[in-house]
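J.: Starting off with a structure, shown below.
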Amino acid sequence: MITVGLLGSLRWWFEIVVRGLGGFACDPSDPEMRCPDKAGKRCVVCEFFGCTGWARKFRFEVLDEKGQIKQKAIRERELFKLNFIPLRPVSDEEWALLELTLLFISEYAAISGKTVFKPSEEKGREDRDFGLIQIQDRLKVQKEYKELKEYVAQERWRKADQSDFAWASLQNFWCVKGRYLCRKSQTESTFNRVLGRCEGKAQAQQLEPSDSAAAWLAGGRQESKKVFSFKAGEGRTFGFVKPGLIDFKQMKERLKRAWKNLQYNEFLTGQQIIERLLSGGAKESGP
Ligand SMILES: [Zn+2]
């Protein structure tokens, strides 16, 4: 079902946003980590999306142009509607976080119809499971940066160690719009140049020796790569860094292997993005 995949992807980006605002979001794919904790506390994300013993607060539907429930996969350029029907009271902050997540995906990232950032059956297939989306109608609930930060920091939410997946946060996200990475020919691939894989198809899975950041960026059998690129539209490339392994400056240097003339202001960090989205939203919601 497409709703399952989309909802999983939405939830994953919602977690990224919550961690980016300084909140805790559990990793629901890890049975040891997921909510609730022993005291019965949930994280902000589980509160909205549900977890064991706590139902999701909304019903999620994907509708086609005519307002019918979509049965088949979404095709290119197809118009569809995501419907969130509250089943229990949803707070303004939750709507605002959802809005922020959707805006963020549409402007700076991509949505997946399948499981996000998990190993795909076939190497190199991940990108095709992702899609760029454009928002036509927005929810009308918006909150300021400070209000959302306060909301995710509230005492009632579960707090736990999230060091294992701390990289999966807007704080470690980056995006370059208007540029993409690709495999140009049999012997030249800007993607592999950035990931630190040897160029050329035959050697593509082979990493350059002594490059530990490359191993993480390229992903292994247990995880997906951390750099994604789309040629569609104006082009878009985004990914994550990992504190202690690779920082934004080093990531930028890697990207310059592909784009020699990359300008300083083209590389946007998650923090810049979140401030842009929230302050921009605040202006638009004025009288
Ligand atoms: Zn949780």
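Each reported figure results from applying straightforward, stated rules to the coordinates on display, with no laboratory input. Note that the structure is a prediction, hence the values are computed from the model and not measured. Cβ atoms come from the backbone with ideal geometry, glycine included; neighbour counts cover every protein chain shown.
J.: With θ set to phi - 60° and the Karplus curve 6.51 cos²θ - 1.76 cosθ + 1.60, what are the ³J(HN,Hα) couplings of segment 161-177 in order, to the nearest whole Hz, using x for Gly and Pro?
T.: 5, 10, 4, 4, 10, 4, 4, 7, 9, 4, 5, 10, 8, 9, 8, 10, 8
J.: To continue, here is another question. Please give the length that would be gained between residue 153 and residue 83 if that part of the chain were fully extended, namely 0.36 nm times their separation in residues minus their C-alpha to C-alpha distance (nm, one decimal). Let's see the in-between values first.
T.: Working: separation 70, 0.36 × 70 = 25.20 nm, distance 2.79 nm.
Extra length from residue 153 to residue 83 when fully extended: 22.4 nm.
J.: Suppose the chain between residue 106 and residue 69 were pulled fully straight at 0.36 nm per residue; how much longer would it get relative to their current alpha carbon spacing?
T.: On the way: separation 37, 0.36 × 37 = 13.32 nm, distance 2.19 nm.
Gain on extension, residue 106 to residue 69, equals 11.1 nm.
J.: Sort 65-72, 8-15 for me by packing, meaning the mean count of neighbouring Cβ atoms within 10 Å per residue, highest on top. Walk me through the intermediate numbers first.
T.: Values: 65-72: 9.9, 8-15: 22.0.
Going from most to least packed, we get 8-15, 65-72.
J.: Which pairs in the list 72/249; 184/226; 184/242; 66/159 are over 31 Å apart, alpha-carbon to alpha-carbon? Intermediate values should be presented prior to the final figure.
T.: Working: 72/249 42 Å; 184/226 20 Å; 184/242 28 Å; 66/159 43 Å.
The answer is 72/249; 66/159.
J.: Per-residue counts of other Cβ atoms within 10 Å, averaged by peptide: what ranking do you get for 76-88, 51-63, highest first? All intermediate terms of the calculation are to be shown ahead of the outcome.
T.: Details: 76-88: 11.8, 51-63: 14.7.
Put in order of decreasing packing, that is 51-63, 76-88.
J.: Could you work out the relative contact order of segment 2-165? I mean the mean sequence separation of Cα pairs under 8 Å and 6+ apart, divided by the number of residues, in percent.
T.: On the way: 216 pairs, mean separation 50.3, N = 164.
The normalised contact order for segment 2-165 reaches 31 percent.
J.: Note down the nm distance, to one decimal, between modelled labels 7 Å out along Cα→Cβ at residue 260 and at residue 276.
T.: Label at residue 260, label at residue 276, 2.7 nm between them.
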